[in-house]
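The values are calculated or read from the model by the stated rules, or taken from the named source; none is laboratory data. All values derive from a computational prediction rather than experimental measurement. For neighbour counting, all protein chains shown are included, and Cβ atoms are generated from backbone atoms with ideal geometry for every residue, glycine included.
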Amino acid sequence: MKIAFANPAIAKSGTVCVGVMSGHKLTASAKALDKVIKGAISRAVKVGRFEGKMGQSITLPAPAGSNLDTVIVIGMGEPKKITSLMLQDLGGRIFASVSKTGSKAVSICVDDLKGCKISAVDCAAEMALGARLRSYRFVKYITVKDKDFDPTLKTLTFNLDGSAKARSAFVSKDKIADGVFFTRDLVSEPANILYPEVLAAEAKKLTKLGVKVEVLDVKQLTKLGMGALLGVAQGSIRPARVVVMRWNGTKKKSGKGKDGPIAFIGKGVTFDTGGISIKPAGGMEDMKWDMGGSGVVIGLMKALAGRKAKVDAVGIVGLVENMPGSNAQRPGDIVTSMSGQTIEVLNTDAEGRLVLADILHYCNERFKPRMMIDLATLTGAILVALGDEKAGLFSNNDDLAKSIYRAGENVAEHVWRMPLGEEYNKMLKSDVADMKNISGGRGAGSVTAAQFLQRFVGDTPWAHLDIAGMTWSKKDKPTAPKGGTGYGVRMLDRLVADKYEK
Ligand code: BES
Ligand code: MN
Ligand code: ZN
């Protein structure tokens, strides 16, 4: 689908959408179209329960007086209450309702509304973002298609005063959507196709956008001493990889600590069988998206580079497959992490933290970042706590935690802060090594996992996002069809824009 911006006009064919505000108040373009189609809109808005509330709509097929396929009257609610998130959802909903109707062209008339805090230019750009995000499809493996399979919609045009400005306001949003789509693609691929080497090759494609991409192989990881990460990988014939991506948007040499780059770290378990502590069969297919954290980091780097963010950012992903092969690590094995700390692996299914332990330490040592945020589909327990509404946020830094929360609220990717503390930390005490990889007790599984990670971040400001409930959605959302959500890309892009870009 092409998204276009054009001057105010009422299309002569295809589908036209116009807005009506609360109390049946027609927008300027609704009034203009109403004249052409002989008062059909002003009559229709008074039929039934339509009040012009946000989310309501009326469809008028083949209205007399025009060659239009359809007119859609969209409720906008009270202009002063309209937010950019509402507009993104609206754009997504309009896309979903028109994409398969048969119309090739759909035009949305956007007006400056009195009392609305958002200009028509920004309204159009936000709706365009919502529509684009909703238009994602992962259909490359479907070869047998019925006649209604493909969308008919070819061009979605926003008609407004200041269309050139709307087009340029959309440019960076479109780049962010490119990042989200990349993440969704990676998360959707099955594990027979996408394994560590393949995911590394996908990350390498960011080179074209000016990202420096290094791929570390098993020999290099062994030399670095990443015993925790390699222990997870050793049960699979697919060799591990660690990918380091660097975006130098300031064009200056980055320093260390406060002057260091910002860093994003992702869990990339391309399939998690649980290893020798094997998972039950039911639902195990979900574990193809256990590389979701790495998918977000790669998609985020694409978004930052795509919109040429003025920031120095490092992305590091640890890529392994957790399999119960004949060389797999066993419960009770003791591994030595790159940090030197030893870990008793009591459950091979608590593998994400083992992977992250080494790359968090590596990132901290090599880059001395200003802050680090890791993302991981780390625990089933976070789903018990927060469901699929919010990700779990853990942090050793209140300011960072607040900024992440705010960025999330701004883009409707919600997080909820969870606790850390010595009382949880001590649950990881082992009798035979520096720590064990699961706690003895039954409760607080997401907290003890985060506590484990904290042992590898030193004093660097750090946040951990447990996204196990957010990476995949079983139902359609206004701006994301069911499947891989790309959750996290927009939040972290926003965090970068609001807090770290100068
Ligand atoms: N990848 C899983 C967590 C997960 C579960 C993600 C469900 C998405 C949906 C992780 O590696 C895991 O297996 N965690 C265990 C930890 C336990 C063994 C301490 C879990 O949550 O059961
Ligand atoms: Mn696991
Ligand atoms: Zn896992």
Scope the range 456-474; condition within 16 Å of ligand 1 (Cβ to nearest atom) and surrounded by fewer than 22 Cβ atoms within 10 Å (Cβ to Cβ); matching residues: Trp472, Ser473, Lys474
Of residues in the range 377-392 being more than 14 Å from ligand 2 (Cβ to nearest atom), surrounded by fewer than 23 Cβ atoms within 10 Å (Cβ to Cβ) and not in a loop (DSSP other than H, G, I, E, B), the one nearest to the chain's Cα centre (by Cα): Leu386
Pick from the range 171-193, criterion surrounded by fewer than 24 Cβ atoms within 10 Å (Cβ to Cβ) and of a type in the set (S, T, N, Q), ranking: nearest to Ile142 (Cα to Cα): Ser188
Yes/no for Ile382 being within 15 Å of ligand 1 (Cβ to nearest atom), touching a residue at least 40 places away in the same chain (Cβ under 8 Å) and in contact with a strand residue (DSSP E or B) (Cβ under 8 Å, 6 or more places away or on another chain): yes
Odd one out for Lys436, checked against (1) in contact with a Leu (Cβ under 8 Å, 6 or more places away or on another chain); (2) among the basic types (Lys, Arg); (3) away from ligand 2 (no atom under 16 Å from the Cβ); (4) over 30 Å from Lys474 (Cα atoms): (3)
Every residue from the range 269-285 that is surrounded by 15 or more Cβ atoms within 10 Å (Cβ to Cβ) and within 11 Å of ligand 2 (Cβ to nearest atom): Val269, Phe271, Asp272, Thr273, Gly274, Gly275, Ser277, Ile278, Lys279
So Glu365, is it under 23 Å from Ala313 (Cβ atoms) and surrounded by fewer than 24 Cβ atoms within 10 Å (Cβ to Cβ): yes
Per-region count, the range 349-373, residues more than 16 Å from ligand 3 (Cβ to nearest atom) and of a type in the set (Val, Ile, Thr): 1
Qualifying position, being surrounded by fewer than 21 Cβ atoms within 10 Å (Cβ to Cβ) and within 26 Å of Thr222 (Cβ to Cβ), among Val345, Val432: Val432
Check on Ala376, in contact (Cβ under 8 Å) with a residue 24 or more places away in the chain, in contact with a Lys or Arg (Cβ under 8 Å, 6 or more places away or on another chain) and more than 12 Å from ligand 3 (Cβ to nearest atom): no
Some residue of the range 434-453 being within 16 Å of ligand 1 (Cβ to nearest atom), in a loop (DSSP other than H, G, I, E, B), in contact (Cβ under 8 Å) with a residue 40 or more places away in the chain and under 23 Å from Gln329 (Cα atoms): yes
Options Ala240, Ala201: the member that is away from ligand 2 (no atom under 14 Å from the Cβ) and without any contact (Cβ under 8 Å) to a residue 24 or more places away in the chain: Ala201
Qualifying helices (runs of 4 or more DSSP H) (wholly inside the range 17-100; at least 2 residues being under 29 Å from Leu133 (Cβ atoms)): 28-36, 84-98
Evaluation of Ala412 against (1) under 20 Å from Leu360 (Cα atoms); (2) in contact with a helix residue (DSSP H, G or I) (Cβ under 7 Å, 6 or more places away or on another chain) (one fails), failing number: (1)
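Go through the range 21-59 and count every residue that is within 37 Å of the chain's Cα centre (by Cα) and free of Cβ contacts under 8 Å to residues at least 60 places away in the same chain.
Total satisfying the criteria: 16.
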Residue in the range 302-318 that is within 16 Å of ligand 3 (Cβ to nearest atom) and either under 25 Å from the mean Cα position of the chain (by Cα) or charged (D, E, K, R) (or both) present: yes
Only one of Ala350, Ala309 that is in contact (Cβ under 8 Å) with a residue 40 or more places away in the chain, out of contact with any Leu (no Cβ under 7 Å at 6 or more places or on another chain) and either away from ligand 2 (no atom under 16 Å from the Cβ) or under 15 Å from Gly227 (Cβ atoms) (or both): Ala309
Leu383 being modelled with pLDDT of 95 or more and either touching an Asp or Glu at 6+ places or on another chain (Cβ under 8 Å) or polar (S, T, N, Q) (or both): no
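Inside the range 458-478, can you point out the residues that are more than 11 Å from the chain's Cα centre (by Cα), assigned to a loop (DSSP other than H, G, I, E, B) and of a type outside the set (D, E, K, R)?
Listed by number, the residues that qualify are Gly458, Thr460, Pro461, Ala468, Gly469, Pro478.
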Residue satisfying condition, being in a strand (DSSP E or B) and either at pLDDT 95 or above or touching a Pro at 6+ places or on another chain (Cβ under 8 Å) (or both), within set Asp349, Asp358, Asp374: Asp374
